[in-house]
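These notes are about the structure you will find just below.
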2 protein chains.
Amino acid sequence: MRGFARYMRLDDALKFVLSKIKKVEPEEMPFYRARGRVLAEDVISEVNVPPFDRSAVDGYAVRAADTFRAREGRPIKLHVVGSADIGTCPKIKVGKREAVRLMTGAPLPEGADAVVMVEHTRLENRRLEVMRPVTPGKNVSARGEDVKPGQTVLKRGQVLRPQDVGMLASIGRLQVLVARKPGVAIIATGGELREPGETLGPGQITDANSYSLEAAVVGCGGVPVRLGPVPDELEPLKRVLKEGSREDMVIISGGTSVGEHDLVPDAISGLGELLFHGVAIRPGGPTAFGVIEGKPIFALAGFPVASLVAFDMLVRPALRAMQGLPANRGYPITRAKLTRRISSTLGRVDVVRVKLREKGGRLFAEPIMVTGSGILSSMTRADGFVIVPEDIEGFKEGSLVEIELY
Amino acid sequence: MRGFARYMRLDDALKFVLSKIKKVEPEEMPFYRARGRVLAEDVISEVNVPPFDRSAVDGYAVRAADTFRAREGRPIKLHVVGSADIGTCPKIKVGKREAVRLMTGAPLPEGADAVVMVEHTRLENRRLEVMRPVTPGKNVSARGEDVKPGQTVLKRGQVLRPQDVGMLASIGRLQVLVARKPGVAIIATGGELREPGETLGPGQITDANSYSLEAAVVGCGGVPVRLGPVPDELEPLKRVLKEGSREDMVIISGGTSVGEHDLVPDAISGLGELLFHGVAIRPGGPTAFGVIEGKPIFALAGFPVASLVAFDMLVRPALRAMQGLPANRGYPITRAKLTRRISSTLGRVDVVRVKLREKGGRLFAEPIMVTGSGILSSMTRADGFVIVPEDIEGFKEGSLVEIELY
């Protein structure tokens, strides 16, 4: 049995990983299916939105100058010459001391330069009394006020939200370039693994890892491709790693420790380059990373908590970067007060799962005190996690800490 | 032209809405496809995880009592009688002053009650020197340590995350009950609307609204069903509303103001019950809500910002509640300092879009000062929004406010 020669610092490990990540090529897709996808181009409008001057309120189109002297007690009087309908070109013009009735969204008739809100008028027969003055442009949504031709409306690298999809519709952009979803091969190793629901023989356990990793990949915008499980033998491992490296990324779990059955790092070196093995994080220390035929290969520990934590720390930023997103974990962050102290070891990053609760309008984080990276319930009970950096020995009870929310 | 008789307070409007929301029935699905879905049952394990006592480290299974006197300078000596493999039942037993070599995850052989880490041993021929004592149970992951039969591992109403999917695998739960995805009919009204990409005639605009609403529904776990667009005429409106009420919810946008073409509230009353029309929010005031054949019908304003804001304030909590989630907006929240004051009107909720930037490690929120709920770019430029409640007149420059993040 060997030991880890040295544990690499997490930030150095992440730098290594990111240096090997290439962005996936973009793909074109219909705008209305692009919600949640990462934009791979700047989107520039070719049109004006709105395409014409229109009324922003229900009221009367007027010449603003005619209303300047209007006061609450001394209204000015205008002649209503017709109405402008929504969805058609108004045939009527607004002359001096004239008004045209119109609804929100209706095009402003020629001659008019402002709209008086219906609430500020009184109509008697076809005489309109205007109680308040309007300035030119008042209550008018001008052509191009929202978007002008040549304007960049959405930027490369942003995730498309509902309003962004609406914007694409608005400017008539039917197809958009987005990052292709990276394909991620997921391999579970270990002769002891059985599929969920299979009867377990003596010493056998259920493969949970590849399923949680698969779900984690989907949550990062990737497309998981399940391979294996494979036994802990060099040749089958090499075969499945080679097959996996047709995808954009490979995640293999198990067989990364330093026991005699832990052949994954050797299999990676045999096919490509092993860049590190052992990272100074807990859980997740026995993590290895390499490259086979230009594709990043993550070898995560076989214990489910260790593998998911290493996924968060190293794979998640990589998967995000591949799609053109910032190379971070991207979890929402909140702040909470620790209900107990957390102790850690200098030189190692500790990822401590916490349960949040609110009390008297304040947020408290209770560290889940479970050792053993096999205890998946420590993660299913958690709302998020605190990171204890390398250079401190922990946090005192009552510290205000940053929590990343699952 | 009529005016709004009265604007309902937003919190009262939401109470009305929620009083009409029924949870959708659950559906069964394979656990490995359930990520992101809302659990509709408590999940109780029937098995032990792990299913047997196993080693949590690479090392030697021993009788703890044999090691009590071991010290760094004065190791105790044990006889190595074999090894226990991963994935099989160990045939070998650990007797007095004996040790069995084993890897992380291997079952603990009969007779042993602890494991000594390989790092704390030295092997010479088959004599093992143990440098540190272990207590019974040390480095052993006991049967049922993670999960015991009868234990509730996941709770109704929670969204399934990667670790939860892993837990379902672990306990061999192949099918789970989750909330069915609510079907949401989306209808755009207005004779002036054209499909994205269609050439616009005079006075015509592109329908952006139904596309942004569709994306918003998907983002809340719903399944959008597009109907329409329909013209602003009572009979076609009633026909499409009736058709839409076959789904779990209807969202209709446009035709909700108080102009003569705004017939949607009348169409709702004609088919069912109109519960309110006009909410004291900006943007989004001209929002109506009713029930047709037991189904909630949201009538949102035709302007894209107004409709999306009203969606966030009223539809989002309703869609979440339907699936068994808390009846809130559920956006992540952060705190930031306002770069400018926000003024509002007493008695009305203002939803102010903001752009965030970091400067010197602090987060600043810049209010996007755009009036007019037609300006969709005010929302595409925003990172989130601040809510100004009814009972205050705004926030001062420099105030620390809560931002809900899109």
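Brief remarks follow.
- Whichever residue in segment B:360-406 is touching a Gly at 6+ places or on another chain (Cβ under 7 Å), among the hydrophobic types (A, V, I, L, M, F, W, C) and assigned to a strand (DSSP E or B) and, among such residues, is nearest to B:Val217 (Cα to Cα): B:Leu405
- Strands (runs of 3 or more DSSP E) wholly inside segment A:182-253 containing at least 2 residues that are of a type in the set (Gly, Ala, Ser) and over 24 Å from A:Ser377 (Cβ atoms): A:183-189
- Among (1) part of a helix (DSSP H, G or I); (2) closer than 19 Å to A:Asp248 by Cβ - the single one A:Ser269 does not satisfy: (2)
- Residue count for segment A:156-175, restricted to those that are surrounded by fewer than 24 Cβ atoms within 10 Å (Cβ to Cβ) and aliphatic (A, V, I, L, M): 3
- Yes/no for B:Ala112 being modelled with pLDDT of 95 or more, assigned to a strand (DSSP E or B) and over 26 Å from A:Glu233 (Cβ atoms): no
- Odd one out for A:Gly290, checked against (1) among the small types (Gly, Ala, Ser); (2) in contact (Cβ under 8 Å) with a residue 40 or more places away in the chain; (3) more than 14 Å from every other protein chain (Cβ to nearest Cβ); (4) touching a Leu at 6+ places or on another chain (Cβ under 6 Å): (2)
- The listed residues are B:Pro90, B:Pro75, and the only one of them that is surrounded by 15 or more Cβ atoms within 10 Å (Cβ to Cβ) and closer than 30 Å to B:Ile171 by Cα turns out to be B:Pro90.
- Just so you know, in segment B:334-353 the residues that are among the hydrophobic types (A, V, I, L, M, F, W, C) and within 14 Å of chain A (Cβ to nearest Cβ) include one that is nearest to B:Ala301 (Cα to Cα), and it is B:Val351.
- Of all residues making up segment A:345-371, the number that are buried (at least 18 other Cβ atoms within 10 Å of the Cβ) and either in the same structural domain as A:Ala208 (by TED's automatic domain parsing) or in contact (Cβ under 8 Å) with a residue 60 or more places away in the chain (or both): 3
- Segments classed as strands (runs of 3 or more DSSP E), wholly inside segment B:1-106, with at least 2 members that are under 27 Å from the mean Cα position of the chain (by Cα): B:26-30
- The listed residues are B:Leu376, B:Leu356, B:Leu405, and the only one of them that is out of contact with any strand residue (DSSP E or B) (no Cβ under 6 Å at 6 or more places or on another chain), closer than 30 Å to A:Gly144 by Cα, within 14 Å of chain A (Cβ to nearest Cβ) and not β-branched (Val, Ile, Thr) turns out to be B:Leu376.
- Test: residue in segment A:55-66 that is in contact (Cβ under 8 Å) with a residue 12 or more places away in the chain, at the interface with chain B (Cβ under 9 Å from one of its Cβ atoms) and surrounded by fewer than 22 Cβ atoms within 10 Å (Cβ to Cβ): no
- Options B:Leu154, B:Leu177: the member that is closer than 27 Å to B:Gly222 by Cβ and more than 8 Å from chain A (Cβ to nearest Cβ): B:Leu177
- Segment A:157-171, subset part of a loop (DSSP other than H, G, I, E, B) and more than 7 Å from chain B (Cβ to nearest Cβ), residue nearest to B:Tyr406 (Cα to Cα): A:Leu160
- Pick from segment A:23-47, criterion of a type in the set (Asp, Glu) and more than 16 Å from A:Asp164 (Cβ to Cβ), ranking: nearest to the other protein chains (Cβ to nearest Cβ): A:Glu46
- Note on segment A:114-137: among residues that are more than 11 Å from chain B (Cβ to nearest Cβ) and of a type in the set (D, E, K, R), the one that is nearest to A:Arg54 (Cα to Cα) is A:Arg132.
- Qualifying residues in segment A:216-258 (those that are β-branched (Val, Ile, Thr) and closer than 28 Å to B:Gly59 by Cα) - the one farthest from the other protein chains (Cβ to nearest Cβ): A:Ile252
- Filtered residues of segment A:233-245 (kept if over 19 Å from A:Ala310 (Cβ atoms) and not polar (S, T, N, Q)): A:Glu233, A:Leu234, A:Glu235, A:Pro236, A:Lys238, A:Arg239, A:Val240, A:Lys242, A:Glu243
- Some residue of segment B:24-39 being surrounded by 14 or more Cβ atoms within 10 Å (Cβ to Cβ), in contact (Cβ under 8 Å) with a residue 60 or more places away in the chain and of a type in the set (Phe, Trp, Tyr): yes
- Qualifying residue in segment A:313-327 (condition: polar (S, T, N, Q) and either assigned to a loop (DSSP other than H, G, I, E, B) or within 23 Å of A:Lys396 (Cβ to Cβ) (or both)): yes
- Per-region count, segment B:338-359, residues in a loop (DSSP other than H, G, I, E, B) and either over 30 Å from the mean Cα position of the chain (by Cα) or among the aliphatic types (A, V, I, L, M) (or both): 7
- Of residues in segment A:96-122 being touching a His at 6+ places or on another chain (Cβ under 9 Å) and farther than 23 Å from B:Gly285 by Cβ, the one surrounded by the most Cβ atoms within 10 Å (Cβ to Cβ): A:Ala99
The values are calculated or read from the model by the stated rules, or taken from the named source; none is laboratory data. On a predicted model such as this, the values are computed, not experimentally measured, just so you know. Because the Cβ atoms are built from the backbone with ideal geometry, glycine has one as well, and the counts that use them run over all protein chains shown.
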